Each structure stands twice: as C-alpha cells, then as structure tokens.
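Computed from the coordinates by the stated procedures, all read-outs in this text should not be read as laboratory data. Predicted model only: the values in this text are computed from it and were never measured. Don't worry about glycine lacking a Cβ; one is built from the backbone with ideal geometry, like all the others, and counts go over all protein chains shown.
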Amino acid sequence: MSRGCREVRRQPGELVPLIGSVGSNPTPGAMDPWMGILLWFAVFMGGSILGGLCPSRNAKIGAGCTSTVFIILSLMVFQFTGGFEYYGLKIDVFYTVISIFTAFLVAFPLSLIASRVAENTNVRNDPFDFGNLNIFEFSFLLLLLAPLGEELLFRGVLESSLLEYGILIATIIPALLFSLIHFLPFRNTPRKFLAIILISAFILGLLTGYFRAISGSLLPAYVTHAIFNLNGKIAERLTCTNKETVILCR
C-alpha cells in the first residue's frame, strides 16, 4: 500500500456522507485532506509552469502542453499514493449515462446565454484564440486533453482527498477553485461575459464533482466536462451573427 493512504473497502452502493467528520472518525484508507490539497497545488503549479515553457507562441499549443502535463503529473500522483482506483479511474456506466443527459440539459442553456452575452457585449479578445480551431483541433484539445487533464487534477487529485469531509465540501471547494482559475485568462473581457464564464465554470465543477462523489468514478465527470465544451461550440454557431467581432464565432 502506498504512503499516505490506508486500505479502504467500501461496500457496493455505499454512499459518501453529505457532511463528513475527518478529525474524529476518518474513513480507513482515505488520504489526509491537507496532503491532497498540497499534491493538487503541486500538480497545478507544475502543469502551469511547465506548460508555459512550451516552445511556442501559439496559445493553443501552450494550453495543450499544460493539459498534457496535468495528465502526466496527476497519473504519477495516482500511481505513487492511493492507487488508480482510489482516485476514480474505473468505469461506471450507469452514472456516465445519467451524466450525458444531465450535462446537455444544463450546459446548452448556459452556453446559449454565454454566446448571447459575448455578442451583445462585443467581446473581441479571445484569451486562448480557440475560435480558430478546426474540428480536429477542437476535438483533441477541448473534448479530450483539456477535460481529461482538469478532471484528473480537480476531481481526481483534489476531490478524492476531500471526500472525507462529505459530498458538499468535496464538490464545492474544487468547483470554486476551478471557477477561479478562469478569472485570469478572461479578466480583460467585459464584466458580464466574465461573470457568465465564472458561473458556468462553477456549475460545471459542481456537476462533475457530484458525479465523481456518488459514482466513485472520474468517467462521468470527464464526460460532463467534454459535453459542456461541446455545447459551447454548438451554441456559438446557433447564436453568433457578427463573426468579425465576437470571439465565440471565429
């Protein structure tokens, strides 16, 4: 058994408590929450720094490098601490199917609002220049690399250690941090657009965190994240009319 974790065996169907108590009666096999937070911070900073060192001025390449480093470092944490299954690397078909329907129901209206706000506020500066992605680049970067890297990091490394505190804390804290990391790249956009980006990221974080907690698997979280990104592309094509001035239409 790896350092920092003791063996845990949950009975089939056993649910994570809504609010847990770490200090008085910790679940056997759980990683110390502070160690999990430290590991999350290390992976996040490592991915951000190493990704920024990619020898390219193309923001898309830089984002791809960062996501790739997130994936590699997160998997290393999984391997050398709690093990892959502890962090949710297993398949749950039932909750994955549920997550698909839920994600479309929630993501599509949010994406329509974001696209409309972008058009009405005349957003011009795409912080990642993602509007120019072709179908292959979009699929590889925004449907595969980005959601996989971020879910391994936020719902894998971070949330797994916070589940000792119960579902509420384990989902809300990663969701808040996930929302906040979107502030810097979008800080120069109009406030209305920035607000909808942060709110959408927070809602996405809550959904992915909830599915991770109740299923014990990262697969529903990854699928939900990818569907949110897909709906963003669908909504921009449905709502944008001025393709020269609105970043989501390019």
Roughly what % of Cα-Cα distances in the range 33-249 sit above 28 Å, to the whole percent?
26
Note down the relative contact order for the range 33-249 as a percent, whole number, built from C-alpha pairs under 8 angstrom at least six residues apart.
33
How about the range 135-224: which trypsin sites (Lys or Arg not before Pro) there are in a DSSP loop, with at most 15 other Cβ atoms within 10 Å of their Cβ?
Arg187
Listing Ile167, Ile61 from the residue with the fewest other Cβ atoms within 10 Å to the one with the most, what is the order?
Ile61, Ile167
Approximate spin-label separation Lys192-Leu89, in nm, with each point projected 7 Å along Cα-to-Cβ:
4.5
